[in-house]
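Since the structure comes first, as structure tokens, the remarks are kept for the end.
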Amino acid sequence: MSTEEKSNKGISRRDFFKGSAFAAVGLATGGVLAGCGTPKTTTQTPAGSPAKYSWETPPAAIPASQIKETIDADVVIVGAGLSGLSAAVRAKENGAKVVVVEKGATWTGRGGHFGVFESREMKKLGLVNDKEKLVREWIAQTGNRVKEELVWLFMNQSGAAMDWFLTKAEASKLFSKIGVLASYYKGSTYTEYPGTHMFLGGPNQKKGGMPGTDVSLVLYNEADKLGVKFYFESPAEQLVKEGDRVVGVVAKGKDGYKRFNASKGVIIATGDIGGNKEMTEAYAPVALKANGSQYVPVGVNTGDGHKMAMWAGGTIEDTPFPTMIHPQAFAWLSYFFLFINQKGNRFMNEDTWVQSKSLNAIRQPGDGPWAFSIFDSKWPEEVKASLPYGGGMFWDSMGRLVPSEWTPDADQKTIQGYIDQGKVGFKADTLDELAQKIGVPADQFKATVARYNELAKAKKDTDFGKRSELLTTIEKGPFYALKFGGALLTVVGGLNVDTKLRVLDAKKNPIQGLYAVGNASGGLYGVDYPTVIPGNSHGRALTWGYIAGKTVTEG
């Protein structure tokens, strides 16, 4: 999860088009990138959309006369986020000369949850998952549109990747606490399982930053110690091909263009497309309905790697891309209580996972894509009683580690802070007063609460089918409302890859010398981001970098 400031709010929506396959860029002659011919494409342009999107036409080749410097390496990694740093360290450990080119001014990290299937930390705590069960549930939650061999790759390799990182994290002595999150959703549908690792008390978190920044710091420090060379403020613009093989990349630094030769391969680790309005409109239109983006660093995740790889002959997974939209745009607590929209109506079974809460709120009428969670003064006891049946993010604590127990103290402070702020948290002695504060019709609101109380007392939700043990009345003041809505964290779709993380062409053959990791790669999430193991996007970034960093050195 992340605590970034919202950005990109209010971008417009346009219909997406489906499918994409571009012909490779021209051959390099004498070490110079040759011209890019007209791309072949299988795109279908819907009515009302432009005839072409900007990236459908590859840019002209950068002339050799503009190349100010040529740097030779075995492996060139484009992007210094979690997946790129993981790949850099792993490739260097396997004996490669490694260079990382990064668009931003420094390396990056974000969030705080790192989900994997297993680890030695989990074994110490007695936490054991059923691999076959998790794979089946993963496939179901992603609409059967995943590439199953990639799901199995994650389940089989993420434990080794985490153990590899744990050794480095412990040796770094940066963290005061390393543990496994206890707050995963325990409902019978959309069930979540343990495996979410947290690294707490690091130097950036102590300064108010995200714990995930310190995870990247461990890898950056390790890469620097091993001799990986970093080129910051050097956005990559084009891949270089010789025949059918990618042999390098051209990036633009402050002093002009540099060509980075990669004798073994280039790894694309450039993040997602969420900061590129045009690509998001085309490939993930639902993302534009969220209450803005919370991706950081702002302006970096613009699909650069997706485009370069497509110009080199790579293809993307089926559209629309899956999105990670979590209910954290306003209040970070919504629990399982009565959810109402801005008309005062209940609209869903509140006993569900984070993606469902976000996407259902987005579809509601009103001034913006948000809703309210309504509860009364009994909430501390009711939340505690609910955790064996539900829980998870935005319901339980976001940082409670196994084996600690939940207490209401932190939530009480958080809710009071919301109330004091007066924008996302509200408290009133009567339902009429609460309705006025949140701007919903009082009569309809009170009728909805009365109906909900009736269902709760009957212990039978005939309206939306909520489990009886999670039906609680709203009748003992003071009464509370928390405003919640979905924020876009990332678009988790990308390039087609095989189990070695090599980018695939239109015939499903690997493009020699070209790899994609993290959110630049696709195939793992299908139609929606699953939280079978919360934080698995970061786990995927760590694992894919760990795998690609080795396979690239093997040719």
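Read-outs: derived from the displayed coordinates by stated rules, not from any lab. Note that the coordinates shown come from a computational prediction; the quantities given were computed from them, not determined experimentally. Cβ: placed from backbone, ideal geometry, glycine included. Neighbour counts: every protein chain shown.
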So which lysines pass the test for Lys52, namely a Cα distance under 17 Å, with those fewer than 8 places away in the same chain ruled out?
-> Lys18, Lys40, Lys277, Lys307
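Kindly rank 447-460, 386-399, 320-333 from highest to lowest mean number of other beta carbons found within 10 Å of each residue.
Working: 447-460: 15.9, 386-399: 20.9, 320-333: 25.7.
Sorting 447-460, 386-399, 320-333 by mean packing, highest first, produces 320-333, 386-399, 447-460.
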Eligible lysines near Lys550 by straight Cα distance, threshold 19 Å, same-chain separation 8 or greater | Lys92, Lys97, Lys168, Lys225, Lys229, Lys264, Lys500
Lysine pair count for region 340-446 [Cα-Cα under 21 Å; pairs on different chains or 8 or more apart] | 20
Nearest 10, in degrees from 0 to 90: the angle of helix 211-226 to the longest Cα principal axis of the chain is 20 degrees
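Using the 2.2 N^0.38 Å rule of thumb for compact globular proteins, work out how region 328-485 stacks up: its C-alpha Rg over that value, please.
On the way: Rg = 14.4 Å, N = 158, 2.2 N^0.38 = 15.1 Å.
So region 328-485 has a normalised radius of gyration of 0.96.
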By average C-beta atoms within 10 angstrom, highest first, the peptides 514-522, 260-268, 192-200, 57-65 = 514-522, 260-268, 192-200, 57-65
Nearest-ten-degree value, helix 536-551 long axis tilted from longest Cα axis of the chain | 20 degrees
Computed [θ] at 222 nm, deg cm²/dmol, the chain (DSSP H ≥ 4; -39,500 (n - 2.57); rounded to nearest 500) | -9000 deg cm²/dmol
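What Kirkwood Rh does the chain have if only Cα atoms enter the pairwise 1/r average? Answer in Å.
That comes to 24.3 Å for the chain.
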Per the charge dipole of the chain (beta-carbon charges, Lys/Arg positive, Asp/Glu negative, Cα centre), the residue among Ser293, Val491, Ile547 reaching farthest to the positive end is Ile547
